[in-house]
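Down below is the structure, laid out as structure tokens.
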Amino acid sequence: MIEQGGKRKLKVANITEVEFRKMVKLSSDRLNKHAELIDSLNVFPVPDGDTGTNMSLSMTSGNQYVAESTATSVGELTTALAKGLLMGARGNSGVILSQIFRGFNKAVKTKEVLTAQDLSDALSGGAEVAYKAVMKPKEGTILTVARKAAEGARKAVKESDDVLVVMEAAYNAAEEALANTPNQLPVLKEVGVVDSGGKGLTYVYQSFFDILAGNDHLLEVDNKISEKDMEDMIKSEHHKSVQGQMDTEDIKYGYCTEIMVRLGAGRLVDREFDYDEFRNHLAELGDSLLVVADDEVVKVHVHTEHPGDVFNYGQHFGSLIKMKVDNMRLQHETILETQDTPAAPAMPVMKNDLSGDYGIIAISSGKGISELFQGLGANYIVSGGQTMNPSTEDIVAAIDKTGAEKVIILPNNKNILLAAQQAAEVAEVEVAVIPSATIAQGMAALFVFNKDASLAENAEAMTENLEYVTSGQVTTAVRDTTIDGQVIKKDEFMGIIDGKIKLTEKTALEAAIAMSKEMIDDDSEVITIIFGEDGTQAEAEEIKEAILAIDEDLEVEIHAGNQPVYPYLISVE
């Protein structure tokens, strides 16, 4: 028994619509609060550890669909949750989470309430569907945690018809499975972490347990995010990047409004503060709501059309000790004017001559890289990549925008592949996803595109051509670690070749040159250097000279990619 809520609640016969809404809401809140911790568990020390962020954003979408649903049965709510997770899924972790609840939904979609047996069936269905969604499932991951949780539930339901007992058994089994992940994946043990996706899933199951156990005091603790955490969320780069992915006229609520209220102080106080009532009222005034409260102060961040209404409402509970309003439409126009990365879906170049009747979607991060993809025949760019994975819904919208009956998607990032495949499944036209894991692979695939060939023929040829390019990336280590026996120090520059860290150097230039030497062999013909925001043309020329010193007959091209995170991307064909 998990001793979290004091005395154990009496038997819980079933899960009702009211309880299920709370279970989803707390799961979303908890993932949001702990996203940074989950991110930190990513094995590779690159500045793209986004498992927690992706799971949080995915669950936020699921929670929104549930909150907006008028359903009165749990089965219908699981359908809303599955749909919200499907459309909001980002990154592989978000897609797998969506598949878990797709299977959950399939098992109980006709149920009014969930019994202990229903809950067990739903958890088992979730694990089964998630395993099928991954081409080569690995143990020691979120999949293992889902499977073990389901096994724990199945054992418990044989002896009890109490949904709390079953959920407790599932949560305990999930925690045990998570603790064992380093024994199943050697790289986790080497780095000294548990699986990040599995950790995220345990937060979901913990939240389900807490709601059923009536651990109300824990909900209050989770609601009280620190002021610093809130400021970080408001000012995060992701928040800025999302603004860059919409048109100004699409902004429904134009004013970013913040207030801080000293509770109980002031002449206009006429109400006692109740967190849920306070938050629910503000939720009706806008979106992107965050409420942080303790016994003395409540702080609010909300996007609204009527800042004055927020101010006035706050004064019912205390004196306003801080007020701030920003016009987001004006801010957005400024971002679009200065942003290097093209907005998605604001950068269509429709019916490009190279693509004929096809729609070709490339995921790209960086203005220069987007222009390279356009030149090769892509006629729609979706902004994304490391640290900013587009959602399934973003990709579906891009498919629709092409207006084509045959669409090819180039994810150009292994963490976007599953979302692209999920988008292809729900699209209303024929879609082929080329499993390009890097920018270089995406470009290599486009070299063999034939506008007169069938979709199947193009998919086969483009996928086959991925094998003829070696991809190198230079980026900074964000922490000390050891991987594959190699000691890596924080702030060193790593050379990553086809997804494996091969070397580290003190400077990006040194890493790029050393990496290039390792990538080139007797069959190499063309080398492409793409420098990013933190690279320079001058250093790219030095890399070129170092390459030509190896073999002066090599063809070396240099392009400005403007990509973040990676100062240099180098490909060898």
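Data overview
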quantity: First in segment 482-505 and over 14 Å from Ser471 (Cα atoms), second anywhere and part of a strand (DSSP E or B) and at pLDDT below 85, Cβ under 6 Å, 6 or more apart; calculated: Ile488/Thr481
quantity: Total residues in segment 277-292, condition touching a helix residue (DSSP H, G or I) at 6+ places or on another chain (Cβ under 9 Å) and part of a helix (DSSP H, G or I); calculated: 5
quantity: Residue within segment 436-449 that is assigned to a helix (DSSP H, G or I), under 18 Å from the mean Cα position of the chain (by Cα) and of a type in the set (Ser, Thr, Tyr) present; calculated: no
quantity: Among (1) assigned to a loop (DSSP other than H, G, I, E, B); (2) crowded, with 24+ Cβ neighbours inside 10 Å, the one test that Ile38 misses; calculated: (1)
quantity: Filtered residues of segment 183-192 (kept if surrounded by 15 or more Cβ atoms within 10 Å (Cβ to Cβ) and under 23 Å from the mean Cα position of the chain (by Cα)); calculated: Leu185, Leu188, Val191
quantity: Of the criteria (1) surrounded by fewer than 23 Cβ atoms within 10 Å (Cβ to Cβ); (2) modelled with pLDDT of 95 or more, which one Phe208 fails; calculated: (1)
quantity: Set Ala177, Ala169, Ala122, Ala173: member being surrounded by 21 or more Cβ atoms within 10 Å (Cβ to Cβ) and under 17 Å from Phe101 (Cβ atoms); calculated: Ala122
quantity: Condition check for Leu81: touching a helix residue (DSSP H, G or I) at 6+ places or on another chain (Cβ under 6 Å) and closer than 28 Å to Leu10 by Cβ; calculated: yes
quantity: Of all residues making up segment 542-561, the number that are part of a helix (DSSP H, G or I) and not small (Gly, Ala, Ser); calculated: 7
quantity: Scan of segment 79-115 for residues that are β-branched (Val, Ile, Thr) and either surrounded by fewer than 24 Cβ atoms within 10 Å (Cβ to Cβ) or touching a strand residue (DSSP E or B) at 6+ places or on another chain (Cβ under 9 Å) (or both), ordered by number; calculated: Thr79, Val108, Thr110, Val113, Thr115
quantity: Filter pass, Thr463 being under 26 Å from the mean Cα position of the chain (by Cα), surrounded by fewer than 18 Cβ atoms within 10 Å (Cβ to Cβ) and outside the structural domain of Asn42 (by TED's automatic domain parsing); calculated: yes
quantity: Residue among Lys132, Lys158 that alone is modelled with pLDDT of 95 or more and either among the basic types (Lys, Arg) or crowded, with 24+ Cβ neighbours inside 10 Å (or both); calculated: Lys158
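Yes/no matrix, rows are residues, columns are (1) in contact (Cβ under 8 Å) with a residue 24 or more places away in the chain; (2) over 17 Å from Met494 (Cα atoms):
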position: Met515; (1), (2): yes, no
position: Gly535; (1), (2): yes, no
position: Glu541; (1), (2): no, yes
position: Lys544; (1), (2): no, yes
position: Ile547; (1), (2): yes, yes
position: Glu552; (1), (2): no, yes
position: His559; (1), (2): yes, yes
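The values are calculated or read from the model by the stated rules, or taken from the named source; none is laboratory data. None of the values given here were measured: they were computed from a predicted structure. Every residue, glycine among them, receives a Cβ derived from its backbone with ideal geometry; neighbour counts consider all protein chains shown.
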